[in-house]
Every structure is written in structure tokens, then in C-alpha cells.
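Okay, so here's the structure we're looking at.
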Amino acid sequence: MTTQQPEEVRDDGEPQEPQPTATRPPKDWAAGVPGIVHALVPAVRGMGAGRTAKLLLSMNHKDGFDCMSCAWPDPDRRKPAEFCENGAKAVTWEATPLVVEPEFWAEHPLSDLRTRTEHWLGQQGRLVEPVHKAAGSDHYVPVSWEEAFGIVADRLGGLATPDEASFYTSGRTSNEAAFVYQLFVRAFGTNNLPDCSNMCHESTGAALGETIGVGKATITYDDFALADLIVIMGQNPGSNHPRMLTALEEAKQHGASIVAVNPLPEAGLKRYKNPQTVRGLAGRGTELADQFLQIRLGGDMALLQAVSKRVLEAEAAAPGTVLDHAFLAERTSGLEELAAHLADLDEAAVLAATGLTSREIDELADRYVRADNVIVTWAMGLTQHAKAVPTIKEIVNLLLLRGNIGRPGAGASPIRGHSNVQGDRTMGIWEQMPDGFLDALDAEFGLQVPRAHGLDAVGTVEAMADGRVKALVALGGNLVGAISDTVAAEAAVARTDLTVQISTKLNRSHAVVGREALILPTLGRTEIDRQASGEQFVSVEDTVCAVHASRGKVGPVAPGLLSEVSIVTRMARAVLGRRPGGPGPVDWAAMERDYDAIREHVARVVPGCEGYNAKIRREGGFRLPHGPRDSRTFPTDDGRAHLTVNELAPVECPPGRLLLQTIRSHDQFNTTIYRRDDRYRGIKGGRAVVLVNPDDLAELGLADGVTVDVHGEYHDGVDRVLRGQRVVAYPTARGCAAAYFPEANVLVPLGATAETSRTPVSKAVVVRLEPA
Ligand code: SF4
């Protein structure tokens, strides 16, 4: 059944999130009994007790399904309940029996859907039938699968060149679906394969790829328990990968110290009440961060350089006692240049950039030098800055100085935010896959796929805006909701001739569409996938390169739903089948019939996946090979890890302005809004807020609780505005503000991207607040 809820709509017709009904001081601990209540009550209400028990108790288990939310890895020994509050919310959201009924489409024209918020759209239930919006119409109408694939084939076939289409992928997509999707896109004739990684950890891949030769984490799950020091930078594990708190608690129990570096004092960085222990339920829980560095936005690179400089000074004071000389000599290059560069580092500039004191930095450096094994872990608080790539290279510098890569308990640990975003990249979802991969595709399938690099996410939006891209196909996700510069991005999408969205539920990308649009509903992770050869499983890769199987546990929410693999392979047959030379050499039907056939191809094309069908059937799966982690071998141009010299470029913020970052609430996953609360930050009932330090409010002459319009300031002269935000006095770093993603994307210019990675700069937007 469909639901209709009251909704706030602006007088300009755009959706407007309500302001909160209450604000309270932020919490200083995470999880505990409230974590259980907020996981289970909505689950039982939304799915019923039986479905809840069946799904939650098989989630993240070796014979179960993989959580569709974040990419946090699984421990080898699993507990009966191997999920967190937000994993339970993700399952509840997907496995709801509520469906969008056929009459919904007549009741809600596009012009109505465009006024709805992400929260409302997501509440309407599962999509269960293909629908089509014809050019010039304001309504989606149900169509058959055959009609839908016929429309896609007709429109893609009518493009002047395959490069006029772009094919987006979300991080939920399985390895099997990702592999057939990139194969289809390349067989069609383009490398336009943007994905959600372009907007999050692209900076990580670029920095690690250049410095150590592999753009992925150099640790395993077990390394957390072996670390002496864990530095958590630009990351909010309590909300974005909550099971990490259990790993941090175990590390503390083994004697590790933790340093948190963040502009916001997040609850999950402070104290953890593990809901699976008596101490966590009835006691005080575990104190996490031993040191909290409340850094100014954009100050991380300066902090890292200052710590490395102190490490080098400690070595100079006591030669032979601090640096790992043997490792540096045998396995790295660039030490002399780095030392010379850091010798000139200006401490005053560091303090201005970081907002920290010299003593705070001294303390971190001291902890680093005293620790035998160090992990530095990070997320989008680092990756979404203009200088994100050099900042992450500075993490590598710091780790390499003391040999903290490629040994137990030590390493670089980017934490990916979406369950299979890393696996999708491994399977070839990238607009610039190396020629070796493309050569292997050609050899395996008898194809000649294009070599020219394609468009990334920002590039796709730019190309839609100027008419170079006329068709957008999206395998999951919500590109228009997630990308920067909402107004410009929505205008760009509206210029296209066709948008095709493969989805489980409604979001903004179904409301803001091309002249013609299709929605193709698909099975979720929780659902059993039956094909002609029998029940199928898929596979995924977590943030530490562990690959394992995922099996749906409940029947599809409606008959007639197709899996992502079915949709992609049938689309490929329809599109390629219309070509003059016929559909080509790929046996799409065989891969749909039995996913083992896909994995056989993967085994021959994707490095590290040899024997995939056998290895994926091992209990718990397998770990992809990783030279730096496994044997301290670095697949760079000279076979060494690179210490690099990076010029400091502090973020400037004029007087009377603030630096704003976009953040997620505790009740959201990417653009999916489960509820309008943010429990740990004390925000209830609304998301239209801007969090500002009380001293900054006093300086700006603004009071807590007033309503402001937030204006972005960028050198292109465009007035980007987030209207109607309630000011909340909040203990963020001085000079820094925060507002919720995706609403605040409207303030992030499309042209503001990180150097090299082109990730949108969402963590340092210059803004001014004006009373509304
Ligand atoms: S930590 Fe991440 S993967 Fe694990 S249950 Fe929670 S949301 Fe899912």
C-alpha cells in the first residue's frame, strides 16, 4: 500500500526539509541500549518479528547476506548478532513489504514527485514494476520488461556515438552485476563509467596508487587488535560504520591508544557502550579517544606534515632510534627530499591551518614515535578537500617513516562508505581502467573495447549540461541527489533525452529526469535470486579487500522483479542485438542463467581472482592479494614506496565567513534518510540546521535558534543558497560550520573538485549566514 505524509514544500516548488522540533547537547557515547531499541523497534514495526529475526540473524554471516550499507569488514569469528543499528535500518528500509502500487503513478505526476523530499520518496515502498515516462508527459506509466528494454535499445541505438551515453554505478552493486555491466558498457563502445567512488574515496585511490602502487587499505580486520596506536581522521565511525567501534574497543582492551582528529566531537569517537556486553549495557562502556584534536576544516595536511617533521627531529636528536632505516633504504624513495621540505615547515602556518596548539601536535607526535604499530584510518573528512590527494600522501609519508606498512597491526586504512564500492572498482567500474584490464577483456570475449578514458561523475554532469551526454543509465544509487551543485546538476539531467534508473526504491533521481525516463525495479540483497539453473549467490569485497559470498534469505517482495544481473544482461542483449553486426560474441544468456559463468570470466580477466568460483565457496571467502600488505612489495614504477613532497595550501576563509562541511546524520545512509533525527548530535525532528560554534555565532551577531539562509561563496559569481536553516550552537571547531548532506550539496560548486581525483570539495565551502 502507498502512504502519503504531510510534506513541506517551498513556495518555489522545491522540497524543503523541516527544521528540528528540538535540539539538545550532543551525546558523548554511542550505541548501548538505545542502539538496540533504535535498531529493533523500527525493524519489527516495518518487517514483522519473523522477517526481522530471519534477516538480522543471517546478516553478515558466512552463509547469509552482506549488509548493503557500509563496507566495514567482518571478523572471522562472528557473533549471532553481527550487525549494528544502522545495518538494521538499511535492512528494514530494503526488506519492507510495503510496495509502490500501480495507482501511485497516476496519483503522483513528476511535478509532484519533484516537490517531495528524499525522506518522503524513500518511505513510499519498494518499486515492483517497470515504469516509463514518455517525452512531454508528466506521468510514469507501467510498462512490460520487453517494452522497457526495447525503449533503451531504441534510444541508445539512436545516439550518434556511444560516448553520448554515460553509465553510473552505485556501491551496492554486486561483483557479478558490476562485471557484466562494465562489459556491456564497453561492448557498447564507451568508457563512460562514473560511480559513487568518484564522489568519496577517489582521492584515496589516487594517493595510495601513486605512493604505494595499490589504491586500497593495507590492513586486515585483525590488525586493529594488534595496533598500539590508531589515528582516526575525518571519520565518524559511530554513525557511518558502527561495527568499527567493536574493533576499536578490542584494540583498547589490547592496550592501544586512539587519537581522533575531527572538527566535530562525534559521540562514536568518545565512548562506546557495546550492546553485546554487560559492561556496555549496564556500565559506562569503553572510553575510546585518548586524545581528541579538534582540527579546523582543511587542516589535516598541515597536521600530518607537522607530525612527520617532529618524527624527523626526534630521529635527529637520537639517531638510529626513531626511523625504520632498513625499510626506508630497501623499500622506499624520497626520504631526503621529504626531510629537506619539512625542515622549512612554518609552525605558525601549521597552527593557523589546524587551529591546534603546538603542545597538541607534540603529544600526537610523541604517541606516534612511542608506538610500535600504527594504523591511520580515514574517510570523507579527508577525501573531499581540494588537497585531499596530497593530504593522504602525507599519511603515507608518516606511516613509511617508521615502517608502518606491511606488518601486523600497522597500515593505511581508508574506510569505504558503501558495501561494494571497492568490489565494483575491482570488477572494472572505472572510467579509466588500465589497458591491461581492457586487453584481458578483449582476449576473453573477442571484443575490441575502447581505450580512451571516459567520464567520471562530475564529468558526466558537465557533459549532460552542455549536451555531450544525452542518455544516463544508472545501476542503483542517486546521482543527482549525491553530486555537488544540486541546482546545476538537476538542470543538466533535465537536458538529457533519456534517463534509466535501476533501483529498489524511489529517490530524487526518479523525480529529476530526462525528457524520457525509465525506472527498472530490481531485487534487493536480502532477496533470493532464482535463475534458470537454480538459486544464485553474488559476491562482494569489503574495505580491507576480503571477498565473500552474499545470499538472499527471503522471497522477492513481488513477482516479476529481476535481479541486477538479469536486467543488465537483458539490456545488453536488447541494445547490442539491434546492431547491424548482431549482438556480438558475448553469451549474455549463459551468464544470466548461472552466475558461475560470470565468475569464470572474472577469474580470467580480473587480477587476483583466479579460481574465483572455488575461492568464493570457501567459508568466509578469500582475500585479494595486496603486495604492500602481504610482502612489502610496491607495484610502483620503480618498485618502491614513494615518500612525497607536497606543498601546503591552507584553506582561506575571509572575515565574517565560515568554512562549511556537509555531514550525514545518524539516521541516514548516503542520500537515504531513515528518519529526521540525529540522535548523537541532539537534533530531533528535522534536518534544516546549520551547526556553528557558539563563539562564532557571537562574533557574527547571530543567536542560537534563528533561521538563516546559507550562501556559498565561490569565485564563479553564482549565488548558491541553502534556505531556511535553523542555527544550532554546537561545539564544532572555531570558524567551521556543518549542514546535512545531501541538502547542502546545493552549496558545493560543480567546478570545486579535488586535484587529481576530481572528488567534489564538500568539506570546505566558504559560506556566509544571512538572517532569513
Ligand atoms: S558496520 Fe556497516 S556493514 Fe556492519 S552492519 Fe553496520 S552498516 Fe552494516
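The values are calculated or read from the model by the stated rules, or taken from the named source; none is laboratory data. Given the structure is predicted, the values throughout are model-derived calculations rather than measurements. FYI the Cβ positions are ideal-geometry reconstructions off the backbone, even for glycines, and counts take in every protein chain you see. When the accessible area is computed, the model is the full protein with side chains, heavy atoms only, and any ligands, DNA or RNA have been set aside. Shrake-Rupley method; radii C 1.70, N 1.55, O 1.52, S 1.80 Å.
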Once both label points are put 7 Å beyond Cα along the C-beta direction, the A698-E146 separation in nm becomes 7.4 nm
Mean accessible surface per residue for segment 377-451, computed with a 1.4 Å probe while every protein chain stays in place, in Å²: 22 Å²
In Å, what Kirkwood hydrodynamic radius results for segment 441-575 from the alpha-carbon pair distances? 17.1 Å
Quick check on packing: order 746-753, 666-673 by the mean number of other C-beta atoms within 10 Å, highest mean leading. 666-673, 746-753
Per residue of segment 715-727, in order, report the coupling 6.51 cos²θ - 1.76 cosθ + 1.60 (Karplus, θ = phi - 60°) as ³J(HN,Hα) in whole Hz, putting x for Gly and Pro. 6, 8, x, 7, 8, 8, 10, 10, 8, x, 8, 7, 6
Could you give the accessible area per residue of segment 707-772, probe 1.4 Å, as a whole number in Å²? 32 Å²
With a/c under 1.5 counting as rounded, go ahead and sort segment 94-226 into rounded, prolate or oblate using the C-alpha gyration tensor (a ≥ b ≥ c being the square roots of the eigenvalues; past the cut-off, prolate if a/b is larger than b/c, else oblate). oblate
What shape does segment 602-665 take by its C-alpha gyration tensor, where a ≥ b ≥ c are the square roots of the eigenvalues and a/c under 1.5 counts as rounded, a/b above b/c as prolate, and the rest as oblate? oblate
From zero up to wherever the largest Cα-Cα distance of segment 165-221 sits, split into 10 Å bins and tell me the percent of pairs in each. 21, 39, 35, 5
Ignoring everything except DSSP H segments at least 4 long, calculate the 222 nm mean residue ellipticity for the chain; use -39,500 (n - 2.57) per segment, divide by total residues, nearest 500. -10000 deg cm²/dmol
Given R₀ = 22 Å, FRET efficiency for A494-E107 by Cβ-Cβ distance, to 0.05? 0.45
Cross-link candidates for K273: which lysines have Cα within less than 23 Å, leaving aside residues fewer than 8 places away along the same chain? K27, K79, K89, K252, K684
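Please give the charge dipole size of segment 1-143, origin at the Cα centre, charges +1 on K and R Cβ atoms and -1 on D and E Cβ atoms. Round to the nearest 20 debye. Don't jump to the answer; show the numbers that get you there.
On the way: 15 positive and 21 negative charges, 160 e Å.
That gives a dipole near 760 debye.
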Rounded, prolate or oblate for segment 90-129? Axes are the square roots of the Cα gyration tensor eigenvalues, ordered a ≥ b ≥ c, and the cut-off for rounded is a/c under 1.5. oblate
Compute the distance from the alpha-carbon center of segment 737-759 to that of segment 345-395, in whole Å. 22 Å
Bin by bin, in steps of 20 Å, what percent of the Cα pairs in the chain do you find, going until the bin that has the longest distance? 17, 53, 28, 2
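For R78 and E250, calculate 0.36 nm times their separation in residues minus their Cα-Cα distance, and state this gained length in nm to one decimal.
60.5 nm
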Per residue accessible area of segment 105-157, 1.4 Å probe, in Å²: 34 Å²
Interchain or sequence-distant (5+) residues whose placed amide H lies within less than 5 Å of the amide H of G403 are D324
Applying 1/(1 + (r/R0)^6) with R0 = 22 Å to the Cβ-Cβ distance of R758 and T161, what FRET efficiency is obtained, to the nearest 0.05? 0.45
Could you please state, rounded to a whole Å, how far the C-alpha centre of segment 263-298 is from the C-alpha centre of segment 92-156? 42 Å
At a 10 angstrom cut-off on C-beta neighbours, averaged per residue, how do the peptides 140-153, 370-383 rank from highest to lowest? 370-383, 140-153
Starting from the Cα of Q291, move 7 Å in the Cα-to-Cβ direction to define the label point; list residues of segment 371-392 whose amide nitrogen is under 11 Å from there. 371
From the backbone phi of segment 555-568, what are the Karplus-calculated ³J(HN,Hα) couplings (6.51 cos²θ - 1.76 cosθ + 1.60, θ = phi - 60°) in whole Hz, Gly and Pro given as x? x, x, 5, 8, x, x, 5, 10, 6, 4, 4, 4, 4, 5
Using R₀ = 25 Å, calculate the FRET efficiency as 1/(1 + (r/R₀)^6) where r is the Cβ-Cβ separation of A329 and S631; round to 0.05. 0.90
What fraction, in whole percent, of alpha-carbon pairs in segment 1-158 exceed 20 Å separation? 66 percent
Between K62 and E347, what is the label-to-label distance in nm when each label sits 7 Å out along the Cα-to-Cβ direction? 5.5 nm
Ranked packing of 384-390, 656-662, most packed first, by mean Cβ within 10 Å: 384-390, 656-662
Probe radius 1.4 Å, ligands and nucleic acids ignored: give me the carbon and sulfur share of the accessible area of the chain as a rounded percent. 52 percent
Accessible surface of V706 in the full protein assembly, 1.4 angstrom probe, to the nearest 10 Å²? 50 Å²
